Structures are given as C-alpha cells and as structure tokens.
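Data block below; observations after.
The values are calculated or read from the model by the stated rules, or taken from the named source; none is laboratory data. As the structure is a computational prediction, the values presented were derived from the model and not from experiment. Here the Cβ positions follow ideal geometry from the backbone for every residue, glycine too, while neighbour counts run over all protein chains shown.
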C-alpha cells in the first residue's frame, strides 16, 4: 500500500511508500503511518484483521500469502470513507534466521511509472509557468515562489498587510478569495498604475482533508484596470458634464473631469458665434482659427492654472498647422507632442506658450473637436507634463468620447441661449422701455427673467397716464414660460392699454380683459395644448387707478397677489382686496377697493416670482413688508434692496416689481365750479375760467381755454343732465373738465356745409393736444388738455 507525500523538497515531489505486514495466515500484523494517510484506517482498526477485507474484489489480485516468491500487481482497495483506491502492490517475503518466509511486507504506490512522470511534469509546470504562482505554509510561515513570481513586482505584495490578511483568511476559513493589488509601473510607464488580480485558494491534505497551505496565482490586469478606469470616466462624464444649460459651465465641467485623471492641463476654446447662441459658419481649411478660451483646469498643486497661455475669456489665433486647428478642420482628434515639428513650430511662434511649455515640461498634446449634430463648436486640448507619460491611442479615443459628450452639452446650451435670447428680446420689446411722464406718482421698477432653464415667463407691468392727471398702475403674470407666455403677455398688455384709454373703472376693465382671455383660449388651441392644466390661458392681473386730486386709489385684482403699502408714518402692511378669479375663468364678477392715501404713500406691486417661498406666499409678503419698511434714500435703491433681500442668486421664476410713491395736487392747482343748466351761464363760466388762469399766470392760454369751456359747457347744458360741473387743473398741462349726470358720450363728426352745429368738438380737437370722455359713477366727464404756455 502506498501514499503520496506532498511536502516540497529541493528535489521536487518525494514518494513515501505505505507499508503493511501480512502474516502467512493473511492477517495484518503491521500498519505504517503512510498506510493510514493513504487509506484512512488507523493501525488499531486494521491490525488483526484479514488483509482481504481491505480489497474490493478478493479474487482479482491473484496474491496469496503462500510460498516465498515476490509478487507485484494492481488492486482496488476500499478507503475508510468508502471510496475506491486503485494501487500498485508489491509483496516482499520477510525471512527468519533459517531463511523461511515468516510474513510478507506489502508496499503500495498510487499509479504507475507514467503517473510519476506526470507528477514531475506538474512540478516542472509550477517552476516554469509564466504565471506568477506561489504557495504559503502556515506551519512554517514560508513561501515558495516560481520563477514568474520571483521576477515580478508581485513579490512586493508579500509585504502588503492587506494581502497577508487575505492569505491568513484563506488558511483559516478554507475558502478561496480574490485580491486586487497595485504596484508601481516600470520607469518607461511612469505615472501609470500597474494592477494585479491574485487568486488565492486553500491547499488540502488529500488524506486528512486539513488545510496544509495556501496557493496563489497572480495575473497582470493593468490593461483591464485602465479600461475600467476609462469606462468609469465616461460614465461619470454622463452625469457631470452638461448639468446646466450654460456654455461656460459645461466647458468647465469637461476640464474639471479630465484633470488629473486624463491630463495635467486641459483647455476648452469655442468659436465666438457659439457664445452668442449662433450656429458657426464654416471657414477656409487653410486659414487661422480664432477661438475664445471659456474653460481650463490644471493639476498643479497650490491652485491656479500656470500652464494657461491664454486667460479665461481671452481670444487666441491658432495657425492652420497647430494641433487645435488641425483637429477643427478635420473633425478628428489629433495626437501630437514634442517630436512633432508642427507642435514645436506652434509653440515657438507664441512667446507665452513657449514659456509655459518649457517651464512645465509639456510634451504630449491631444486636441479633440467639440462636434455635435454635424456642427463643430470648438476644441478641447489635453496636455501632459514632465510627471506623466505621453498620450497613447487609447487616450486619444477617450478624449474623443469626452469631447463628444461635452459637445452635446455645449450645443444644447448654445441652442438654449439662442432661444432664450430670442424670447427675452420678444419679451423686452413687449415691456415698457421708458415709463411715460406723469405727475400722479413717482415710480421705479425692476424686471428679472428666470435664472433657470424654465425659459422666459409672462410677467409684465405698466404705467398708463389717464385723464385728469390720474394714472393706472398695472402688474400681471401669464401662467407658464416660453414664447407662448411672452406672446400672450404682449396681447394682454396691449388690451389693458386699450381698455385704459377708454377710462374704464378697474373692475369693468378686468371684466373686459377676462372676456378677451376667454376668446384667446378658444381661438388658439395650440396654446391650450401647451398649458400645464386644462383651463385655457391662465393669467393674473392687478389694476389700480390713482387720482392725485382726490388721493383715492381704486384697485381690482384678478387672482393676483395684493400690493404692499408703506404709509408716510412708517406703517406697513398688505392691502386687503376682494380677490377675483384668474383671467380666463369667465362668468365671475370682479370687485374694486378704494383707498384714500396720504401724499407720499408707497405702493409695491409685484408678481409671485418675488414672494413665492415653496408655495408659502404669506411668508413672502411678510418679507416684502419688512424690506419695504427699511429706510432707503430713493425708490431705485428700494428696488435693489427688496430684490437682494427676497430673491436667491438664480430665481426660478420671472420677477416684476413696480414701486409707486403717491403725489397730490393741492388746492392752488385745482379750481372747480358747479353750474346750473342755463345757457346764460356759459359766459359766466368763461369769465371764471379766465380769472383763474390770470391768477395762475396763464393769461396766454385764456383764449383757447375760453373756447373749450364755452363748447363743453354748452354741450353739457344742451345734451346732459344736472348737476353740471367745471374744473380746471394746472399740472404739467392745463386740463379743462366738464361733467354732467348723463352717461351719453359725445362723438366727433364732420359738419356738412349748411349744418348749424357739429363743429364744436372738431374745433376743440384742433385747438388742444387731446380730448376725451370718461364714465363716472354719476354720469360722464368730458376733458380737454392743452400744453402750458412756454415759460
């Protein structure tokens, strides 16, 4: 019986034959330790038993303990655990002093001579394998390495505490494991990292099943590791590049990602047309290219970008032979370096670039075009210095992929810039550029478009001078963002101005505006489909009319946030209005609120973009009141202070803010008379007007004023009802008003040749700079306005 001792020696594998002694009666009388390891039986379990009991087939061996001849043959024995063990048996007679056979010594070996050669081949394969193989013996703490492991830096791993802990775990837990280690690269690949995958497994004693040691096999996974790193960088680019619709930010994200994982210095230059949101126009292939630096990054410790030869925002001209220009014209990435004559020529012709190249040892360059949707937008340049190896083809492919992903983000930002610029241009053309001159209020305003990718909104405001020195203050907001919101805002603002010219009260004006929005919704199905809800065009509006003579402010709201009011005594609060429905709902009434305001009162009108705080409008209004109450020297400063206190750096919605400080016309600027319905009173009315003009020092205006008074009072007596009133107002202009209790409004017509009347209003229109009529709660008022005499 035989065993195979798997202890390593200088001569390789050694065979320790298992032996048993069998008496002439066929009973086992002796049992070696080698036999125990081979078949698993202890000596106490075998000695004294028939040797044939160990055989699977007793008749197959042909061995009989009779005679004195040696015998060799094969036999199949039964292991203690029940499995079959095929052995080569050798029986040698044991002789006594008389030369007679007294017992047989049987030795056993596994396999044949061919098996022995196979075992030696295994030893040779271990020693000569190109794979780094090793074994570790926990008992002695010693390692045995083959030639591949001794010549490889993996030998350094045996001093790595993490690797040694892994070895101990395999020996203790008898479970295979995998360990990934890293080693410095050879000097030729300085700057790169070498990676190893080490497979570890427990080595068991076949006889006892206990762990005798740990086997390891190491594989160089540097290429796979580099590929994983490149893939991870590309995956990261998908989440880190193009996070905003800002061209500069997207370019900087590319530079930040590439340094230091791909390059020591990266720059991104774009065509100027891209910065304006325009589509680049192709130029001649052999011409120099003018690019603007929008982003760069450096791996230099201590911050800063010392390798940059061009400042951020600066413009540089790239000759056609330079790597960036070649990349732009070909549309393909270019790999260049110190061995490229064109690279050397490009560097030496630019003093600043030559200085940084020499100072930082820049020797390898990749230029990758930023191309998206068939358009070349600019170029990304990746550079390595003296601490890093030259770029390889794999790096060039990675640079092309990164530049392509960044190009999509840049092009999206460019398109957004173009669309946003167009929308802002449209919106600003629809908003008032300069507020009209008027005497009723002092005004200041601010308009801020949304700072996010939501697009421009439909916020608007307006100041409309009305007859009798009154003024209309308007602020509104169309639901949604984009071109449709801006266009709808323009239509509503035009409608408000038109209705304001008719001098409608605020509640009636909102009723007409509500009807208009209802018609717009039914006429424009495309807008309806774009809306976030099914209620048609949604818009809010706050319309206020202030009269500086009576100091009455009349307000009506269509779903809009109320204004804040700061009184001259420092009291601040929100004006309590009866809120009406959002414009476009239809069928619901609007109500007006009247306030008598002291001179110097400050009204703050705004849209919800200023005060919305995660849907808590109440908190925003409180903050508006606090900001309004802070003492500031002027309305312009107040506007800036309110925006600073209430808005984040980049507001998510459009913001419109309109401040109005009330003025008042005093008694010395207004003269009023009540007139009876008697034609004879017309002359007296003219005389009273003339005396008042003389008191004001406006005698030069007396002639025209007397004609206007005569015509308007005559019409009121002839066609109107009592009471009749005459009022003169001296402000920036001279205003003559005649009111009566009839709601019938006059209209201008051209008199025929033989008509006796019909020329009065025509004459008034010719002699004044404007005239009109407005409805009042008790009738109507006809007014005429003329400029004050020069001086």
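When both residues are 6+ apart or on different chains and their Cβ atoms are under 7 Å apart, which pairs have a first residue that lies in the stretch 423-452 and is touching a residue at least 60 places away in the same chain (Cβ under 8 Å) and not assigned by TED's automatic domain parsing to the domain that holds residue 638, and a second that is part of a strand (DSSP E or B) and surrounded by fewer than 17 Cβ atoms within 10 Å (Cβ to Cβ)?
Within 7 Å, no pair qualifies.
Within the stretch 718-729, can one find any residue that is surrounded by 19 or more Cβ atoms within 10 Å (Cβ to Cβ) and modelled with pLDDT under 90?
Scanning the stretch 718-729, I find at least one residue that is surrounded by 19 or more Cβ atoms within 10 Å (Cβ to Cβ) and modelled with pLDDT under 90, so the answer is yes.
Can you name every residue in the stretch 196-218 that is under 46 Å from the mean Cα position of the chain (by Cα) and buried (at least 21 other Cβ atoms within 10 Å of the Cβ)?
Once the filter is applied, which keeps residues that are under 46 Å from the mean Cα position of the chain (by Cα) and buried (at least 21 other Cβ atoms within 10 Å of the Cβ), the stretch 196-218 yields 196, 198, 200, 218.
For residue 584, state whether it is surrounded by 22 or more Cβ atoms within 10 Å (Cβ to Cβ) and out of contact with any strand residue (DSSP E or B) (no Cβ under 6 Å at 6 or more places or on another chain).
Details: surrounded by 22 or more Cβ atoms within 10 Å (Cβ to Cβ): yes; out of contact with any strand residue (DSSP E or B) (no Cβ under 6 Å at 6 or more places or on another chain): yes.
Yes.
What tally of residues in the stretch 665-687 results from selecting those that are within 20 Å of residue 787 (Cα to Cα) and either touching a residue at least 12 places away in the same chain (Cβ under 8 Å) or not in a helix (DSSP H, G or I) (or both)?
Matching residues across the stretch 665-687 total 7.
Do any helices (runs of 4 or more DSSP H) lying entirely in the stretch 255-350 carry at least 1 residues that are buried (at least 20 other Cβ atoms within 10 Å of the Cβ) and within 26 Å of the chain's Cα centre (by Cα), and which ones are they? Walk me through how you get there before you give the answer.
On the way: elements: 272-275, 323-330, 341-348.
It comes to 272-275.
Might you check whether a residue that is within 30 Å of residue 736 (Cβ to Cβ) and either touching a residue at least 40 places away in the same chain (Cβ under 8 Å) or not in a strand (DSSP E or B) (or both) occurs anywhere in the stretch 640-661? Can you show your working first?
Just the residues of the stretch 640-661 that are within 30 Å of residue 736 (Cβ to Cβ), to begin with: 660-661.
With either touching a residue at least 40 places away in the same chain (Cβ under 8 Å) or not in a strand (DSSP E or B) (or both) added as a condition, the list becomes 660-661.
Yes, that holds for at least one residue.
It is to be established whether one or more residues within the stretch 424-435 are touching a strand residue (DSSP E or B) at 6+ places or on another chain (Cβ under 9 Å), modelled with pLDDT of 90 or more and not in a loop (DSSP other than H, G, I, E, B).
The initial filter retains those residues of the stretch 424-435 that are touching a strand residue (DSSP E or B) at 6+ places or on another chain (Cβ under 9 Å), namely 427-428, 430-432, 435.
From what's left, modelled with pLDDT of 90 or more: none.
No, that holds for no residue.
Given the options 624, 610, 619, 628, name the one that is part of a helix (DSSP H, G or I), buried (at least 18 other Cβ atoms within 10 Å of the Cβ), without any contact (Cβ under 8 Å) to a residue 60 or more places away in the chain and under 36 Å from the mean Cα position of the chain (by Cα).
On the way: 624 fails: without any contact (Cβ under 8 Å) to a residue 60 or more places away in the chain; 619 fails: buried (at least 18 other Cβ atoms within 10 Å of the Cβ); 628 fails: without any contact (Cβ under 8 Å) to a residue 60 or more places away in the chain.
Just one listed residue meets the conditions, 610.
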